[in-house]
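Values in this text are rule-based calculations from the coordinates and carry no lab data. Given the structure is predicted, the values throughout are model-derived calculations rather than measurements. Reconstructed Cβ throughout: ideal geometry from the backbone, glycine too, with neighbour counts over all protein chains shown.
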């Protein structure tokens, strides 16, 4: 538990502290917000829907995250965003690989992933401000 909470704080620090070198990209912002909502809905459904269906949906979101990562990795001066997204994907994968969640894990996993998405969304919004 202590290790898990430490990982949350490290994640937040990493995601909120990245330097913004790339230009604002509306597609990135749109995909982050869209995917955040889908992940939150998926996490809320854990244990309430058929496990096979849940896993299929989880894998679909993972595939989408991999596509987002590929998109970000191929933009110029975008190393920080790519690192953030890679870390977010790894966190997500660790969550979906855990077969059984109790109520505390559900809450911790949900908060961790939402904080990760929020950090990336805030970073993307900050890029927009740097253009003006």
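Listed values, structure above:
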item: Within region 22-48, considering residues that are more than 14 Å from the chain's Cα centre (by Cα) and over 13 Å from residue 124 (Cβ atoms), the one surrounded by the most Cβ atoms within 10 Å (Cβ to Cβ); result: 46
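Results for (1) surrounded by fewer than 12 Cβ atoms within 10 Å (Cβ to Cβ); (2) within 14 Å of residue 28 (Cβ to Cβ), shown as yes or no for each residue.
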{"position": "50", "(1), (2)": "yes, no"}
{"position": "62", "(1), (2)": "no, no"}
{"position": "73", "(1), (2)": "no, yes"}
{"position": "97", "(1), (2)": "yes, no"}
{"position": "127", "(1), (2)": "no, yes"}
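Residue-wise test of (1) part of a helix (DSSP H, G or I); (2) touching a residue at least 24 places away in the same chain (Cβ under 8 Å); (3) touching a strand residue (DSSP E or B) at 6+ places or on another chain (Cβ under 8 Å); (4) farther than 20 Å from residue 108 by Cβ.
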| residue | (1), (2), (3), (4) |
| --- | --- |
| 24 | no, yes, no, yes |
| 57 | yes, no, no, yes |
| 60 | yes, no, no, yes |
| 64 | yes, yes, no, yes |
